4 protein chains.
Amino acid sequence: MPRKKEKKPVNAYHAHRERQRRRILDAAWKLFDERGIDRITMAEITLVSGVQPSTMYQYFSNKDDIVWAILRELMQEVSERAKRTLEDAPNAMARLAALLDFLADELANNPIRVRFMAQFDAMYARDWPAERLMTLESQINPEGFEVFTEIIREGIADGSLRADLVPDLTIHAVVNAVIGAQRRLASLGNKIELEYGKPIDRLFRETIRVLLLGLRAPESPKPRQSRKWKTADGSTRKRSA
Amino acid sequence: MPRKKEKKPVNAYHAHRERQRRRILDAAWKLFDERGIDRITMAEITLVSGVQPSTMYQYFSNKDDIVWAILRELMQEVSERAKRTLEDAPNAMARLAALLDFLADELANNPIRVRFMAQFDAMYARDWPAERLMTLESQINPEGFEVFTEIIREGIADGSLRADLVPDLTIHAVVNAVIGAQRRLASLGNKIELEYGKPIDRLFRETIRVLLLGLRAPESPKPRQSRKWKTADGSTRKRSA
Amino acid sequence: MPRKKEKKPVNAYHAHRERQRRRILDAAWKLFDERGIDRITMAEITLVSGVQPSTMYQYFSNKDDIVWAILRELMQEVSERAKRTLEDAPNAMARLAALLDFLADELANNPIRVRFMAQFDAMYARDWPAERLMTLESQINPEGFEVFTEIIREGIADGSLRADLVPDLTIHAVVNAVIGAQRRLASLGNKIELEYGKPIDRLFRETIRVLLLGLRAPESPKPRQSRKWKTADGSTRKRSA
Amino acid sequence: MPRKKEKKPVNAYHAHRERQRRRILDAAWKLFDERGIDRITMAEITLVSGVQPSTMYQYFSNKDDIVWAILRELMQEVSERAKRTLEDAPNAMARLAALLDFLADELANNPIRVRFMAQFDAMYARDWPAERLMTLESQINPEGFEVFTEIIREGIADGSLRADLVPDLTIHAVVNAVIGAQRRLASLGNKIELEYGKPIDRLFRETIRVLLLGLRAPESPKPRQSRKWKTADGSTRKRSA
DNA sequence: GATGAATGAGTTTTCATTCAT
DNA sequence: AATGAATGAAAACTCATTCAT
């Protein structure tokens, strides 16, 4: 951004900076997951990344900065994936199912990511103002939660979801529960399995199944579906109308 | 040596010790909630509790000790209350509802407690072996989760819950989700309200409502219960008519 | 000493005090050997002895006091034993051999005692004035080193020891070397065996043998002995006549 | 990253590091001798050396590190000097005498060094595994004790030493005694002189004289014996008659 | 005389951050 | 832009000893 040197050199610089940045973020990311964000010191990040402390301060002025940088990348990835997931679904119920399914897949395939979010939640609760996250969210996903609320609305309209749901209340209630469950399972992982005697993936998919059952409109005469995702339910076509 | 101290002195000593212990735990508890367990140093606890550092070390040998002592007290209280709640309920469905309702009440009336548990979860995930918690649990609640699993089983048997539930899977899935939701709401509190625009109590009760709907047996001709608790539900009576 | 109460009670007191004292000394003695005097805290001694800190301070006002009390007991025992050893020996050479032999037996049979003395030496080197030890020695063994010097003198006179020895120089030189060797072997113990590949008892007896060879008068025509002790040499009777 | 720094900077940095290290070691070394290793705290070393505590921890991570660093330097110096001493000696007896003499010179001229070794012995006895020292020794002096054992062997062969010596037993017995005597004299120093009334140097040289006399072959007619061990003795029968 | 609680004055160690080059 | 050294401020924990009962 700042016109430092001419074109070529600038790009070279840029590439170098980017590479350094990556080294730092990758090292931090790995360490954060292994030992917990709070337990990791700047010194360890420099050690693992191979960058000197003094150099690191030219990229990130403290650990928070690193955490937020990681968060931004994560949210971007997740947001894109989630959007892609929703694109394929034909109707509200399918979109809802796809969304929850996506979270289950994340838990199964990217537990590190979910664990990071769990850690972030804990820090966010205390260390940062809500605005900071909301700003970030609005950059990454300008439409906000409206998309999700819309799903409920649509589902009610097409009769696949219970009529007594309150769109923007229900969606947040459900999303919060699913996220809460997902992150709890990811961070407690093996401990949950030890205590409950069930693999976390099955627990989470059962959670999703029950929630979808709870959202679905009653008496819809036997919905049947062809879903390929491993979960529960999904979509009432044709609805009885 | 053993038969030295008579009744009085012992009790006096004991009472004193107990009072000191309380001062420390109360100070810690307050600080932990205000600023986060990780952020609190032993020095601060001594400062707030008014005991000298060296004295404190005669009661608790480190912060973990304090955390676990608080946890034990909390779990004891919660366990007792939860048991009392279940006693009054006439059938499985009522017991289930009562249980979830109890968690909603906790969130509404004792958010500090719930926030502490949320913090504990985060530490437990990294710093302590599963055995430690399981031992504590078995001391406080020797029956374990069996009580809960039994609820589902009973509900299936009396037709109030869906027949396709897997008792010990479903109960853990639901409990984990509710706990996850509850703790997330408690710790993010006002931030959730800012982002979602809904009070956390309503969000949580909606979560419970949806879950209960998801568990309840479908089109059961006339499930009727006379629940007086404040929650959710809103079940579509008269259906099928 | 201070006429506190009447006879009986005094004795009862005395017996009690003596028992408490013993408990403390025994605990300290054990701990000192296991983990090193410097590493042992007063708190540990109270813990192991079962006596409260505040009580202990009525017996010993600090760790040094305990160390010196142990030292006194040790020196008394050793001194008595050593004297007894010397009594049986018929002549200078036998007495010398018996003395050194006695030290070898101590190393073999009472390594703890020797290790304590090694530790004491290290502390004595820094923490206490020479007078303190000299006073103690003069109480326990009023004759001092004269006895030993006398042995050399006698041995020279009877022709069993080299004529060119300087009694009070040589005896101290030899005693210091033997003590130095003995304590080094006792405290380094297994490490010496690891490094040198020889059991410490054999090393020590070889040291004694060489020293005695070095002290003995040369060309002594036919020394022959009847020693029952396991060690070295001993004595030329009848000599030269 | 690797090919960054050219010659100059590296050396400059290095030189600085080395100077700091020296300051710390010198301060420690002085304090250790004056007041005893155990009595010296890291805080005092920083105070005397003039570096901040936090800086010091970038050089040595604890007191042990410092002790071992000093030990290494000491052993290197001593080892070199000792080797040089042996080079000049024409035969086994001369080498043996030179070796012991060297120890006497050390005691006379470098009592601090010897006192440090005495202190090290005491710590080594408790605080460190034998391997640690053996590793260091093998780095500094890869030939090990073989050189010394060889002296005895050679001396026996050329008739200057008693034939009944057991090379690797005797050498260790003698070395241990001499070292034990030397370190005891160095650490008790003035106290020994007070108690014994003789200067430590004379005492030590007398010890050496007696030991050498004990090792030397009795003059003339080839003593021969068959004893292997245990007691030794070795009294020359029938001789001289 | 014994007890148990209390404590002040250390000690080691850590870490985010700055500074001169 | 990068480096390596330096460091202030604090954190956790220890321990000999005293005091009120």
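Scanning the range D:195-210 for residues that are open to solvent by less than 40 Å² (accessible area, probe 1.4 Å) and either assigned to a helix (DSSP H, G or I) or more than 7 Å from chain C (Cβ to nearest Cβ) (or both) yields D:GLU195, D:TYR196, D:ILE200, D:LEU203, D:PHE204, D:GLU206, D:THR207, D:ILE208, D:VAL210.
Check A:ALA94 against each of (1) more than 20 Å from B:LEU188 (Cβ to Cβ); (2) out of contact with any Gly (no Cβ under 8 Å at 6 or more places or on another chain) and name the one condition it does not meet. All conditions are met except number (2).
Number of residues in the range B:73-91 that are open to solvent by less than 20 Å² (accessible area, probe 1.4 Å) and more than 15 Å from the chain's Cα centre (by Cα) equals 1. Screening C:TRP29 with (1) of a type outside the set (Ser, Thr, Tyr); (2) within 16 Å of DNA strand E (Cβ to nearest atom); (3) assigned to a helix (DSSP H, G or I) gives one miss only, at (2). In the range D:28-41 there is at least one residue that is over 30 Å from D:VAL175 (Cβ atoms) and not small (Gly, Ala, Ser). Of the candidates C:GLU131, C:GLU143, C:GLU154, the single residue that is away from chain D (no Cβ under 11 Å) and out of contact with any helix residue (DSSP H, G or I) (no Cβ under 6 Å at 6 or more places or on another chain) is C:GLU143. For the range C:11-24, the count of residues that are away from DNA strand E (no atom under 13 Å from the Cβ) and either in contact with a Lys or Arg (Cβ under 9 Å, 6 or more places away or on another chain) or modelled with pLDDT of 95 or more (or both) is zero. Scanning the range B:103-159 for residues that are over 18 Å from the mean Cα position of the chain (by Cα) and either aromatic (Phe, Trp, Tyr) or outside the structural domain of B:GLU73 (by TED's automatic domain parsing) (or both) yields one hit, B:TRP128.
Against the numbered list (1) within 13 Å of DNA strand E (Cβ to nearest atom); (2) modelled with pLDDT of 95 or more; (3) within 14 Å of another protein chain (Cβ to nearest Cβ), D:ARG39 comes up short only at (2). When the range D:45-72 is limited to residues that are within 7 Å of DNA strand E (Cβ to nearest atom) and under 27 Å from the mean Cα position of the chain (by Cα), the one that is surrounded by the most Cβ atoms within 10 Å (Cβ to Cβ) turns out to be D:LYS63.
Entry remark, the range B:16-65: residues being more than 8 Å from DNA strand F (Cβ to nearest atom) and of a type in the set (Gly, Ala, Ser) number 5 in total. Looking only at the range B:213-224, filter to residues that are more than 7 Å from chain A (Cβ to nearest Cβ) and modelled with pLDDT of 90 or more; which one of those is surrounded by the fewest Cβ atoms within 10 Å (Cβ to Cβ)? Here the residue is B:ALA217. Restricting attention to the range D:175-188, the residues that are open to solvent by 10 Å² or more (accessible area, probe 1.4 Å) and closer than 14 Å to C:TYR124 by Cβ add up to 3. When the criteria are applied in full, A:PRO111 fails the requirement of being exposed (fewer than 14 other Cβ atoms within 10 Å of the Cβ) and either within 30 Å of A:ALA177 (Cα to Cα) or within 16 Å of DNA strand F (Cβ to nearest atom) (or both). The C-beta contact set for the range B:44-59 (first residue more than 14 Å from every other protein chain (Cβ to nearest Cβ), second residue near DNA strand E (Cβ under 8 Å from one of its atoms) and open to solvent by 80 Å² or more (accessible area, probe 1.4 Å), distance under 6 angstrom, 6+ apart or interchain) is empty. Inspection of the range A:102-121 identifies no residue that is more than 22 Å from A:ASP201 (Cα to Cα) and among the aliphatic types (A, V, I, L, M).
The values are calculated or read from the model by the stated rules, or taken from the named source; none is laboratory data. This structure is a prediction, so every number in the text was calculated from the model and none was measured. All Cβ positions, glycine included, derive from the backbone under ideal geometry; neighbour counts span all protein chains shown. The area values use the complete protein model at the heavy-atom level, side chains included, leaving out ligands, DNA and RNA. Shrake-Rupley method; radii C 1.70, N 1.55, O 1.52, S 1.80 Å.
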